Structures are given as structure tokens and as C-alpha cells.
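No value in this document is a laboratory result; all are computed from the given coordinates. Given the structure is predicted, the values throughout are model-derived calculations rather than measurements. All Cβ positions, even for glycine, are placed from backbone atoms using ideal geometry, and neighbour counts span all protein chains on display.
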Amino acid sequence: MHTGMESPRGVWWKPAHKAEKMWVLIAFAWCMVLFAMMPLWHLKGAQNPSGIRYRVDPSAYARRTNEFIRQYKVGEDGGFAVVEPPPGADVYLLGRMWAWEPVLKLHKGVAYTLHLSSLDVNHGFNLSPVNLNFQVVPGYDYGLRIVPTEAGDFRIVCNEFCGIQHHVMVGRIIVVDDSAGAAPTGGAQ
């Protein structure tokens with residue numbers, strides 16, 4: 001048994017073998033390539049959201065969301081207001097422990113500006129099965145220009161642990177196709 005005061009046995013103090021040095025050099029070079037790619041992905045990458053983000057008082061955002069709900073409410077679903085804003089409208093979605101509100105009813109092929117914010121803690125916005133992910137932070141309003149391309153019933157899942165009831169934080173976006181003449185009956189869950 002050795003203590004921290006005694007040197008380990010073996011030849012640990014001898015210089016590294018040529019093959020070990022080569023692999024360390026390859027690993028370092030790859031790290032530098034990835035480090036250089038980060039700003040390029042940010043500036044040139046198509047995967048980066050093209051939205052706007054600005055600071056906002058969480059209570060002011062909640063008031064704006066409540067006004068949005070009052071103005072465009074068309075029904076209720078499981079105790080949450082269902083809103084149907086007009087084409088081109090600003091759409092507000094509020095994350096709070098442990099719910100997304102309101103339920104959004106949008107139209108396929110119509111442009112909206114989706115505003116996301118949190119009232120209390122960080123939440124993750126994941127639109128399934130589209131694989132759209134955002135970090136929703138209290139004190140920031142994130143505005144994203146969206147055009148739904150497919151009709152259906154989509155789920156919003158919080159993918160950032162936000163407390164004991166995190167697993168029940170599921171919201172909905174219903175996209176209807178006006179050209180089909182009827183609302184969709186199925187969709188992604």
C-alpha cells in the first residue's frame with residue numbers, strides 16, 4: 001500500500017513513447033479544430049435559431065401572456081386556455097412550474113412570431129416530434145419566427161429539470177390545415 005507521500009513504483013517518470021506523443025498531438029489538434037469551428041458554426045451554421053432575445057421582467061411577460069390569452073381565447077383544454085391568434089400575430093407561450101400555457105392553435109403555412117419565456121426557473125422547450133429545442137430562461141423573451149409546415153397535435157416537453165413535478169410539464173401546439181377543411185384527428189404525441 002502506498003500513501004500520497006511515496007512515489008509510485010514503475011517508470012512513470014520516463015519520457016512518453018513516440019506513439020503516445022503522436023496520439024496526444026492528434027487529440028490536441030482535433031480539439032483546436034473543434035475550438036475554431038465553434039465561432040464558424042455560430043456565424044455560418046444553419047442550425048442556429050434566427051430569433052431575437054431581450055431582457056424582460058417576468059411579471060410583465062406574464063401580464064402580456066394573460067392579455068394575449070384574453071384576446072384570442074377560443075376554448076379550454078384540461079384547464080388551460082386554447083388560443084387561436086390571427087395570421088402573422090405575436091404568439092406568447094409561458095413556462096412555469098409545471099405547465100406551459102396557453103395551448104396554441106396555429107394554422108399550417110402561416111407565419112407567426114413565437115415568444116417564449118419563463119416565470120420562475122429555467123425550462124427546456126422541446127417540440128416533439130419536430131426536434132425543436134430551446135432554453136427558456138426567466139427574465140428573457142425569446143422571439144422566433146415560425147411557419148408550421150405540417151398539421152397535427154404537437155407536444156411541448158420541458159427537457160430541463162425544473163422540480164418535483166417536472167415530468168408532468170407538457171404543453172400543446174395544435175396545427176390545423178385550412179386547406180383540408182377539417183381539424184386533424186391524430187398527430188404526434
In nm, what is the difference between 0.36 nm times the number of residues separating Thr149 and Ala111 and their Cα-Cα distance? 12.7 nm
How far is helix 18-44 tilted, in degrees, relative to the longest principal axis of the Cα atoms in the chain, given as a value from 0 to 90 rounded to the nearest 10? 20 degrees
Which residue, Lys44, Lys105, Lys14, tops the fluctuation ranking in a GNM of the chain built on C-alpha contacts under 10 Å? Lys14
Residues Met97 and Ser128, FRET efficiency given R0 of 30 Å [Cβ-Cβ distance, rounded to 0.05]: 0.90
Which residue fluctuates most in the GNM of the chain (Cα springs below 10 Å): Thr113, Thr149, Thr65? Thr149
Top mean-square fluctuation among Arg145, Arg155, Arg55, Gaussian network model of the chain, C-alpha springs under 10 Å? Arg55
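Do you know the relative contact order of region 52-180, to the nearest whole percent, from alpha carbon pairs under 8 angstrom that are 6+ apart? Each step should come with its number before you reach the end.
Numbers: 311 pairs, mean separation 34.6, N = 129.
RCO, region 52-180: 27 percent.
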For the chain, what is the calculated [θ] at 222 nm in deg cm²/dmol (nearest 500), taking -39500 (n - 2.57) for each run of four or more DSSP H residues and dividing by its residue count? -7500 deg cm²/dmol
Extension gain Phe35-Asp57, at 0.36 nm per residue separation less the Cα-Cα distance, in nm? 4.4 nm
DSSP beta bridge pairing in region 52-180, given as percent antiparallel to the nearest 5: 70 percent
Give the longest segment of the chain that steers clear of GluC sites (Glu not before Pro) in DSSP loops with at most 14 neighbouring Cβ atoms within 10 Å, not counting the sites themselves. 7-149
Full-stretch length increase - Glu67, Ala27 - with 0.36 nm per residue and alpha-carbon distance subtracted: 9.0 nm
